[in-house]
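What follows draws every value from the coordinates through simple rules; no lab data is involved. Source: prediction; values computed, not measured. Because the Cβ atoms are built from the backbone with ideal geometry, glycine has one as well, and the counts that use them run over all protein chains shown.
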Amino acid sequence: MNIHHLELFYYVARHGGIMPAVRNMPYGIQQPAVSGQIIQLEGDLGLKLFNRRPFELTDAGRELFEFVQPFFATVDQLAEKLRGGVAQSLRLAAPDMALREHLPEVLKFVRSKFPKLTLTLRAAHQPQVADWLVRHEIDFAITLIEGRPAPGVNSEVFLEFPVALIVPQAHPGKTADQILDAFAAGQSAGERAGKAAPALPLIALPANETATRRFREFLNKRGLEWPTSIEVTALELIGTYVAAGFGLGISLAIPGARLPAGVRVLPIEGIPLVKLGAYWRGKPTPVMELLLQGLRGRAAAAKRLP
């Protein structure tokens, strides 16, 4: 197999198509050239590697991508090492809130020690980052930690947060238990009357996010159902829409988090704490070590907040 053809296939598979690959190649190459060389690679193998529209790797394409990915994804770091220097690049994924409010100060600290540091920052939700790490698309992730990491992936927990209800300031419920008990009583009364009780509008992250999933598991144990009325993709949007009068929200009680005026955070007893931490592959580089040091300091300061 032609090694250059394999490199082109790596970018096509990584970015989900020939045109996205052309846009993300580290050097200039035209779409017809990529298409022609991929066709040549498939001809050499006697196999189809992917379906064009919609893009999808075949079984052979997935196997080939898994084989070439570890090399092409890390070749730049190896080049830096061979030059005798410390790799000063980092591809980092984190939630929007962390990228905006917490990481600038930490990364400023890291860059003071590594002034030539180049960064690639990606906003990410928890279900994405583990896959990105395994596929060598990122080097480091700040995310919620659940279960055991994949083989070769390390983790460290920095903070733990309760799952919480976000309610308007004027809501009569004083605690999350009071609100949930009232909700349960309403459902029971509706069942006795032979009709569904009207549910309070609920604002939440997607069902596969930890906070939402744990809240659903908690409700299931109590025999309750509370469907999501508004699904959002960023934690901070929950408080925004609660403050605007759209309903109650499921979120996390994060110390020092900025919340809109007119809302309260009520931790829910009985749901395991959600862990925030970091994932990375293998032994941390000097840049990662410094990043971990900065994140530990940030976490220690957050623990002192009310």
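If I fit a long axis through the Cα atoms of helix 103-113 and take the longest principal axis of the Cα atoms of the chain, what angle between them do I get, 0 to 90°, rounded to 10? With rounding to tens, the tilt is 40 degrees.
How much of the DSSP beta bridge set in the chain is antiparallel, as a percent to the nearest 5? Write out the running numbers ahead of the final one.
Details: 25 of 37 bridges.
In the chain, DSSP labels about 70 percent of beta bridges as antiparallel.
Could you order the peptides 227-237, 140-150, 244-254 from most to least packed, using the average number of other C-beta atoms within 10 Å per residue? Could you put the intermediate results ahead of the total?
Details: 227-237: 15.3, 140-150: 17.6, 244-254: 20.3.
Put in order of decreasing packing, that is 244-254, 140-150, 227-237.
Filter the trypsin sites (Lys or Arg not before Pro) in region 33-71 to those in DSSP coil with at most 14 other Cβ atoms within 10 Å of their Cβ, and list the result. When the trypsin sites (Lys or Arg not before Pro) of region 33-71 are filtered for loop state and at most 14 Cβ neighbours within 10 Å, K48, R52 remain. For region 249-265, backbone phi angles converted through the Karplus equation (6.51, -1.76, 1.60; θ = phi - 60°) give residue-by-residue couplings of x, 9, 8, 10, 8, 9, x, x, 5, 7, 10, x, 5, x, 10, 10, 10 Hz, Gly and Pro being listed as x. The amide H of E156, built 1.01 Å from its N in the peptide plane, has A278 as neighbours under 5 Å, considering only residues 5 or more places off or on other chains.
Which order do peptides 95-103, 274-282 fall in by mean Cβ count within 10 Å, highest first? Show your work: numbers first, answer last.
Values: 95-103: 17.8, 274-282: 19.8.
Ranking the peptides 95-103, 274-282 by packing returns 274-282, 95-103.
Per residue, how big is the convex hull around the C-alpha atoms of region 163-272? Give it to me in cubic angstrom, could you?
Working: hull volume 10.9 nm³, N = 110.
In region 163-272, the Cα convex hull volume per residue is 99 Å³.
Scanning residues 5 or more positions from R91 or on other chains, those with amide H under 5 Å from its amide H are T120, D139, F140, with H placed 1.01 Å from N in the peptide plane.
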